[in-house]
Amino acid sequence: MDEIEIEFDTDDEVKADVLVEGLPGIGQVGKLVVEHLIQELKAERIVEITSIFFPPQVLIEPGGVVRLPNNEIYLWKGKEQSIAFLIGDYQSTSNEGHYLLCESYLDAAEELGVKRVYTLGGYGVGQIIDEPRVLGAVNDDDLVAEITAAGAVMTGGEPGGIVGASGLLLGLAKRHGIEGVCLMGETPGYLVDPKSATEVLTVLSRLLGIRVDPARLAEHAAEMEKILEKYQEIEKGHEEESLNYIG
């Protein structure tokens, strides 16, 4: 097995104007957004990526059948633009792998004719936020006005850096002559966060100029809110018991 294997599902020429990355990360924010877009737009898989930089394991599918971890690229063809979506099981387990995998993703993007990359993720703040902001970062000054007009707040150094594919793709994309935009939804960081994902989806949809029904994500967000409320009630009960015991 090679270090990284990229296999196109078709020999036909396929093109995309934009690549949207949503690999696993903080709060699974980016992955939730891209999963939602793939489902709502009925995008079709065009690329499979396997690598020795993924964890050394297999994943068990329903019925007990196993498969190697992989990442995938899906394609949606609209009337005015085509959008590729990068999603998958894992990011790299090593620093070297992060660089090599991101270069491979960009090689595939270049082959598709991509002119801009959007990377999506979560920005962990360590606490629950009622109205999470969407923080933005770009690899070219000319993109700032467009991103802020769509509702993102430019980071201005707020997070000291962007770790993993969401950050590396921006920096490496510039070397490939590809525009790069990162959208990060504020999130506690210790739970799957569909509420933050919904906010990121809203900003991204404006930037892409597409309409996507956010209902499914909103339902997941409402369910998570109920779970958090129950958790907070339990925690409050534990605190009161401790106070009573001490007193």
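Since every read-out is calculated from the coordinates, none of them should be taken as a lab result. None of these values were measured; they are calculated from a predicted model. For neighbour counting, all protein chains shown are included, and Cβ atoms are generated from backbone atoms with ideal geometry for every residue, glycine included.
For Thr155, the residues whose modelled amide H falls within less than 5 Å of its own, excluding neighbours fewer than 5 places apart on the same chain, are Gly136. Extending 7 Å from the Cα toward the beta-carbon at both Asp107 and Glu80 defines two label points whose distance is 3.5 nm.
Working note: Karplus 6.51/-1.76/1.60 with θ = phi - 60° gives the stretch 218-224 the couplings 4, 5, 4, 5, 5, 5, 5 Hz, where Gly and Pro are set to x. Of Arg116, Arg45, Arg211, Arg67, the sequence from fewest to most neighbouring Cβ atoms within 10 angstrom is Arg211, Arg67, Arg45, Arg116. Mind running the shape call on the stretch 119-182? Use the C-alpha gyration tensor, a ≥ b ≥ c as the square roots of the eigenvalues: rounded below 1.5 for a/c, prolate if a/b tops b/c, oblate otherwise. Since a/c reaches 1.5 but b/c is at least a/b, the shape of the stretch 119-182 is classed as oblate. For the chain, a Gaussian network of Cα nodes joined below 10 Å ranks Leu19, Leu120, Leu112 by mean-square fluctuation, and the top entry is Leu112. Across the stretch 13-18, coupling constants 3J(HN,Hα) worked out from phi with the 6.51/-1.76/1.60 Karplus curve, θ = phi - 60°, read 6, 10, 10, 9, 7, 9 Hz, and Gly and Pro carry x.
Please tell me the relative contact order of the chain in percent, rounded to the nearest whole number, where contacts are Cα pairs under 8 Å and at least six residues apart.
Numbers: 474 pairs, mean separation 55.1, N = 247.
Result for the chain is 22 percent.
Under the rule a/c < 1.5 gives rounded, and otherwise a/b versus b/c splits prolate from oblate, where does the stretch 1-145 land using the Cα gyration tensor? Kindly include the intermediate steps, with their values, before the conclusion.
Working: a/c = 1.45, a/b = 1.12, b/c = 1.30.
In terms of gyration-tensor shape, rounded.
Is the shape of the chain best called rounded, prolate or oblate, per the rule: a/c under 1.5 gives rounded, else a/b larger than b/c gives prolate, else oblate, with a ≥ b ≥ c the square roots of the Cα gyration tensor eigenvalues? Spell out each step's value before the answer.
On the way: a/c = 1.79, a/b = 1.45, b/c = 1.24.
It is prolate, given that a/c is not under 1.5 and a/b is the larger ratio.
Placing R0 at 25 angstrom, the Cβ-Cβ distance between Val65 and Glu219 gives a FRET efficiency of 0.25 after rounding to 0.05. For the stretch 200-216, the Karplus equation 6.51 cos²θ - 1.76 cosθ + 1.60, evaluated at θ = phi - 60°, returns couplings of 5, 4, 4, 5, 4, 4, 5, 5, 7, x, 10, 10, 10, 5, x, 4, 5 Hz by residue, with Gly and Pro reported as x.
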